[in-house]
1. Which one of the conditions (1) among the basic types (Lys, Arg); (2) in contact (Cβ under 8 Å) with a residue 24 or more places away in the chain; (3) open to solvent by 90 Å² or more (accessible area, probe 1.4 Å) does Arg93 fail to meet, given that it meets all the rest?
2. Is it true that some residue in the stretch 57-69 is open to solvent by 50 Å² or more (accessible area, probe 1.4 Å), farther than 13 Å from Phe32 by Cα and hydroxyl-bearing (Ser, Thr, Tyr)?
3. Restricting to the stretch 37-55, name every residue that is more than 15 Å from the chain's Cα centre (by Cα), among the hydrophobic types (A, V, I, L, M, F, W, C) and open to solvent by less than 90 Å² (accessible area, probe 1.4 Å).
4. Quick check on Ala108: is it among the aliphatic types (A, V, I, L, M), within 18 Å of Pro8 (Cα to Cα) and touching a Leu at 6+ places or on another chain (Cβ under 7 Å)?
5. Just need a number here: residues in the stretch 1-36 that are of a type in the set (Ser, Thr, Tyr) and open to solvent by 40 Å² or more (accessible area, probe 1.4 Å).
6. Got a sec? Which of Val88, Val83 is open to solvent by 60 Å² or more (accessible area, probe 1.4 Å), aliphatic (A, V, I, L, M), under 19 Å from Met21 (Cα atoms) and at pLDDT 90 or above?
Amino acid sequence: NIVLQHLPTRRSITKVIAEFMRVVRPSGLVVFQLPARIAPLHRLQPRPKLYRVLRRLGFPPEFLYRRLRLHPITMRALPVAVVKNVLVGAGARVVTTSPGNGRLIYYATK
């Protein structure tokens, strides 16, 4: 929960989803959540950008985290159609999706 959207690329997210389906037992259930979109204002993600700039300038992570309350974590989203295509391509059947705190929760079985 609240992990996939923080992977470094959209490609890495789709690889992990496909891996979920590869390792699940037949008729096993895979449940995960992932945002389908990020609101325009949140797409700017100024904190991670500023964090990276200041790290390159030599500021220690402890100072950035504790004093400036910055972090390096960016957020990604994948449209529902993309996630469903990955699941189906990996041999899954999407049972349902449900909203969960602004993110979609996917339920898929093999």
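The values are calculated or read from the model by the stated rules, or taken from the named source; none is laboratory data. As the structure is a prediction and not an experimental result, all values here were calculated from the model. Here Cβ is always computed from backbone atoms with ideal geometry, including for glycine, and neighbour counts include all displayed protein chains. Only protein heavy atoms, including side chains, enter the accessible area calculation; ligands, DNA and RNA are left aside. Shrake-Rupley method; radii C 1.70, N 1.55, O 1.52, S 1.80 Å.
1. Status for Arg93: all satisfied but (2).
2. Yes.
3. First pass over the stretch 37-55, keeping only residues more than 15 Å from the chain's Cα centre (by Cα): 40-41, 44, 46-55.
Filter once more, so that each one left must be among the hydrophobic types (A, V, I, L, M, F, W, C): 41, 44, 50, 53-54.
Once the filter is applied, which keeps residues that are more than 15 Å from the chain's Cα centre (by Cα), among the hydrophobic types (A, V, I, L, M, F, W, C) and open to solvent by less than 90 Å² (accessible area, probe 1.4 Å), the stretch 37-55 yields Leu50, Val53, Leu54.
4. Values: among the aliphatic types (A, V, I, L, M): yes; within 18 Å of Pro8 (Cα to Cα): no; touching a Leu at 6+ places or on another chain (Cβ under 7 Å): yes.
So Ala108 does not fit the description; no.
5. Initial filter on the stretch 1-36 (of a type in the set (Ser, Thr, Tyr)): 9, 12, 14, 27.
Checking which are open to solvent by 40 Å² or more (accessible area, probe 1.4 Å) leaves us with 9, 27.
Within the stretch 1-36, residues that are of a type in the set (Ser, Thr, Tyr) and open to solvent by 40 Å² or more (accessible area, probe 1.4 Å) number 2.
6. Values: Val83 fails: open to solvent by 60 Å² or more (accessible area, probe 1.4 Å).
So the residue among Val88, Val83 that is open to solvent by 60 Å² or more (accessible area, probe 1.4 Å), aliphatic (A, V, I, L, M), under 19 Å from Met21 (Cα atoms) and at pLDDT 90 or above is Val88.
Residues are listed down the side, and each one gets a yes or a no for (1) among the hydrophobic types (A, V, I, L, M, F, W, C); (2) under 24 Å from Ala90 (Cβ atoms):
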| residue | (1), (2) |
| --- | --- |
| Pro26 | no, yes |
| Gln33 | no, yes |
| Ala36 | yes, yes |
| Gln45 | no, no |
| Leu50 | yes, no |
| Glu62 | no, no |
| Leu70 | yes, no |
| Ile73 | yes, no |
